[in-house]
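Heads up: the structure comes next, in structure tokens.
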Amino acid sequence: QVQLVESGGGLVQAGGSLRLSCAGSGRTFSSHHMGWFRQAPGKEREFVAAITWSGSSAFYGDSVKGRFTISRDNAKNTVYLQMDSLKPEDTAVYYCAAGTRSWPPYRPDYAYWGQGTQVTVSS
């Protein structure tokens, strides 16, 4: 069992930056591939980024490529999402997920989910 808690969301102006954190508990955290998804009101959950259990490979959605960076620190059981050059269309609730059941890890088919953190980008 893995519990996930996101933090770091908030209100930021367009062009600004935020760093989201996802703290995990459970002995198997470091063995899981991890992902970030987001969901805006009235829209489907969208893939943002994913990282393999070792951190050796990362994947990004087309809309965030070149602006967002995913990383992890297994010693701290934490995954990060650095978000730069934010745009109003990045406004959404951001969810951390662990343990993808499909590959590549673009689908929201993960075993464990956090409660989400709100990111709002003003124009």
Is one or more of the residues making up region 95-114 open to solvent by 50 Å² or more (accessible area, probe 1.4 Å) and small (Gly, Ala, Ser)?
no
The one condition GLY66 fails out of (1) open to solvent by 60 Å² or more (accessible area, probe 1.4 Å); (2) at negative phi is (2)
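One line per residue, one yes/no per condition, for (1) touching a residue at least 12 places away in the same chain (Cβ under 8 Å); (2) hydrophobic (A, V, I, L, M, F, W, C); (3) assigned to a helix (DSSP H, G or I); (4) open to solvent by 50 Å² or more (accessible area, probe 1.4 Å):
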{"position": "PHE59", "(1), (2), (3), (4)": "yes, yes, no, no"}
{"position": "ASP62", "(1), (2), (3), (4)": "no, no, no, yes"}
{"position": "TYR80", "(1), (2), (3), (4)": "yes, no, no, no"}
{"position": "VAL93", "(1), (2), (3), (4)": "yes, yes, no, no"}
Considering region 27-51 alone, what residues qualify as being of a type in the set (Lys, Arg) and under 14 Å from the mean Cα position of the chain (by Cα)?
ARG38, ARG45
Out of ALA50, ALA75, report the one residue that is among the aliphatic types (A, V, I, L, M) and open to solvent by 60 Å² or more (accessible area, probe 1.4 Å).
ALA75
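The values are calculated or read from the model by the stated rules, or taken from the named source; none is laboratory data. The shown structure was predicted, so the numbers you read here are calculated from the model rather than taken from an experiment. Glycine also receives a Cβ, built like all others from the backbone with ideal geometry; neighbour counts cover every protein chain displayed. These accessible areas exclude ligands, DNA and RNA; they are computed on the full protein's heavy atoms, side chains included. Shrake-Rupley method; radii C 1.70, N 1.55, O 1.52, S 1.80 Å.
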